[in-house]
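**Student:** The structure's right below; bear with me while I get my questions together.
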Amino acid sequence: MKEAVAGELAAAYHSAIVDEVRANDYQFSSGRLTLHLAREFGFCYGVDRAVDYAYQARRRFPGQNVFLTGEIIHNPHVNDRLRAAGIRFLSDPGERPDALGRDDVVILPAFGVTVSDMARLTNQGCTLVDTTCGSVLNVWKNVVRYAQDGFTSIIHGKVKHEETQATASQALKYPGGHYLVVLDREEAAIVCDSIRKGGSRDALLDRFRSAVSPGFDPDRDLERVGCANQTTMLMTESLEIGEMFRAAMADRYGEERLAQHFRAFDTICSATQERQDAVIALLDEHRLDLMLVVGGYNSSNTCNLARICAERVPTYHIADPECLISRTEVRHRPVGAPSTTASREEVTMGWLRPADNLVVGLTAGASTPNNIVGQVIERLSAFAGE
Ligand code: SF4
């Protein structure tokens, strides 16, 4: 079946120009434009596998309804193509997840589903095609172990992100399990402060109302904590947050008793790490006039690549080639804005210097297919040459 869909996948997502750029030491030149492509970019192993399984599922069950629980990955082009291939999305208006039954096939996305969704689909008797990425399963394994041992999972992630919701649900598999989700250093500092000094539990609960497990009691549930993260967060920030909690617990309970109160595992996935490392290398190696980061606006790992770049050079996070409106205008998501599909875009004028040589860096998030990257290269090249 894998061979059967290989042609379909290549036709949908392959890009000859991306292959050429790769073969040319990740560099592309055209007139005054020199483009440097990050050495790791685009589809990761988990996304590759999830998309492959979805196409296979559509072929394997030709007479049956095939559903996705929601977006398979955070890229609108990939999701639209799956809709066009006849796969229905349970998150679409008019779909009835409660009416699914034995004849229905449901594909679970790369970032997984919550424990309760999994139980419901199993009880309904649906055929499940589980594309949950192995790196996400690895996070779950750690979080379940925390719960088993009575540790609260501190999850560095976005509380509304499907992966973080699924991971948080794993923390409740054992009676003593709890979770608290922190978005960034600022939120981590608030919790660490509370660990060190105690303080107002009501204020803490108020601040993290939608980010803690039911019945969360700061006095009881911050006594033993284990760190985990959404796999696509900024690695440096995740490590720093882990260290902040380690220091807070050491201050509260003493270094000698730390092991009884604090645990941590690095759960950033290797694909995210490689893409972040590659873009840092690109910024170190070349004097860039600007950076283009391509990916869905609700793609966490793409937003984090843009954050890394924006600290060094003018950076435009674009969803697709059409965002390059003209030689003078670019439509993009402001770096640092919340990563949601509804994220507002803004238009920047004068993004391409009119004369002289132009050196542009390019990368793409783990959910961006090569055909979109290739189209961006072609459109950029056309505008730069005008
Ligand atoms: S970003 Fe990482 S965890 Fe997510 S699907 Fe890709 S490889 Fe898996």
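The values are calculated or read from the model by the stated rules, or taken from the named source; none is laboratory data. Predicted model only: the values in this text are computed from it and were never measured. Because the Cβ atoms are built from the backbone with ideal geometry, glycine has one as well, and the counts that use them run over all protein chains shown. These accessible areas exclude ligands, DNA and RNA; they are computed on the full protein's heavy atoms, side chains included. Shrake-Rupley method; radii C 1.70, N 1.55, O 1.52, S 1.80 Å.
**Student:** Would a scan of segment 41-54 turn up a residue that is more than 16 Å from the ligand (Cβ to nearest atom) and either out of contact with any strand residue (DSSP E or B) (no Cβ under 6 Å at 6 or more places or on another chain) or closer than 19 Å to LEU358 by Cβ (or both)?
**Tutor:** no
**Student:** Next question. I'd like to know if segment 304-317 contains one or more residues that are open to solvent by 10 Å² or more (accessible area, probe 1.4 Å) and without any contact (Cβ under 8 Å) to a residue 12 or more places away in the chain.
**Tutor:** Taking segment 304-317 first, the residues open to solvent by 10 Å² or more (accessible area, probe 1.4 Å) are 307-308, 310-316.
Still in the list and also without any contact (Cβ under 8 Å) to a residue 12 or more places away in the chain: 311.
Within segment 304-317, one or more residues are open to solvent by 10 Å² or more (accessible area, probe 1.4 Å) and without any contact (Cβ under 8 Å) to a residue 12 or more places away in the chain.
**Student:** Would you pick out the residues in segment 286-303 that are within 16 Å of the ligand (Cβ to nearest atom) and open to solvent by less than 10 Å² (accessible area, probe 1.4 Å)? Give the derivation first.
**Tutor:** Our first condition is that a residue be within 16 Å of the ligand (Cβ to nearest atom); within segment 286-303, this holds for 293-296, 298-303.
Within segment 286-303, VAL293, VAL294, GLY295, GLY296, SER299, SER300, THR302, CYS303 qualify.
**Student:** Follow-up. Does segment 344-366 contain at least one residue that is touching a Phe, Trp or Tyr at 6+ places or on another chain (Cβ under 6 Å) and at pLDDT 95 or above?
**Tutor:** yes
Conditions tested, residue by residue: (1) without any contact (Cβ under 8 Å) to a residue 24 or more places away in the chain; (2) surrounded by 23 or more Cβ atoms within 10 Å (Cβ to Cβ); (3) not in a strand (DSSP E or B).
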| position | (1), (2), (3) |
| --- | --- |
| VAL347 | yes, no, no |
| GLY361 | no, yes, no |
| THR368 | no, yes, yes |
| ASN371 | no, no, yes |
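**Student:** Could you please find all residues in segment 259-277 being open to solvent by less than 20 Å² (accessible area, probe 1.4 Å) and away from the ligand (no atom under 14 Å from the Cβ)?
**Tutor:** Correct list: HIS261 only.
**Student:** If you check every pair at least six apart or on different chains, which have Cβ atoms under 6 Å apart with a residue in segment 205-217 that is among the hydrophobic types (A, V, I, L, M, F, W, C) first and a residue that is open to solvent by 10 Å² or more (accessible area, probe 1.4 Å) second?
**Tutor:** Filtered contacts from segment 205-217: ALA211/VAL159; PHE216/HIS178.
**Student:** Among the residues of segment 117-134 satisfying the criterion of being of a type outside the set (D, E, K, R) and within 16 Å of the ligand (Cβ to nearest atom), which is farthest from GLN230 (Cα to Cα)? Give the steps one after another, and end with the answer.
**Tutor:** Here is the first cut: in segment 117-134, the ones of a type outside the set (D, E, K, R) are 118-119, 121-129, 131-134.
Subsequent filtering for residues that are within 16 Å of the ligand (Cβ to nearest atom) retains 129, 131-134.
Numbers: VAL129: 22, THR131: 17, THR132: 13, CYS133: 12, GLY134: 13 Å.
The selected residue is VAL129.
**Student:** Among the residues of segment 219-233, is any loosely packed, with under 14 Cβ neighbours inside 10 Å, basic (Lys, Arg) and either within 16 Å of the ligand (Cβ to nearest atom) or over 20 Å from ARG145 (Cα atoms) (or both)? Can you show your working first?
**Tutor:** Taking segment 219-233 as the starting set, the residues that turn out to be loosely packed, with under 14 Cβ neighbours inside 10 Å are 219-220.
If we keep only those that are basic (Lys, Arg) as well, we get 220.
If we keep only those that are either within 16 Å of the ligand (Cβ to nearest atom) or over 20 Å from ARG145 (Cα atoms) (or both) too, we end up with none.
Within segment 219-233 (the criterion being loosely packed, with under 14 Cβ neighbours inside 10 Å, basic (Lys, Arg) and either within 16 Å of the ligand (Cβ to nearest atom) or over 20 Å from ARG145 (Cα atoms) (or both)), the answer is no, since none of the residues qualifies.
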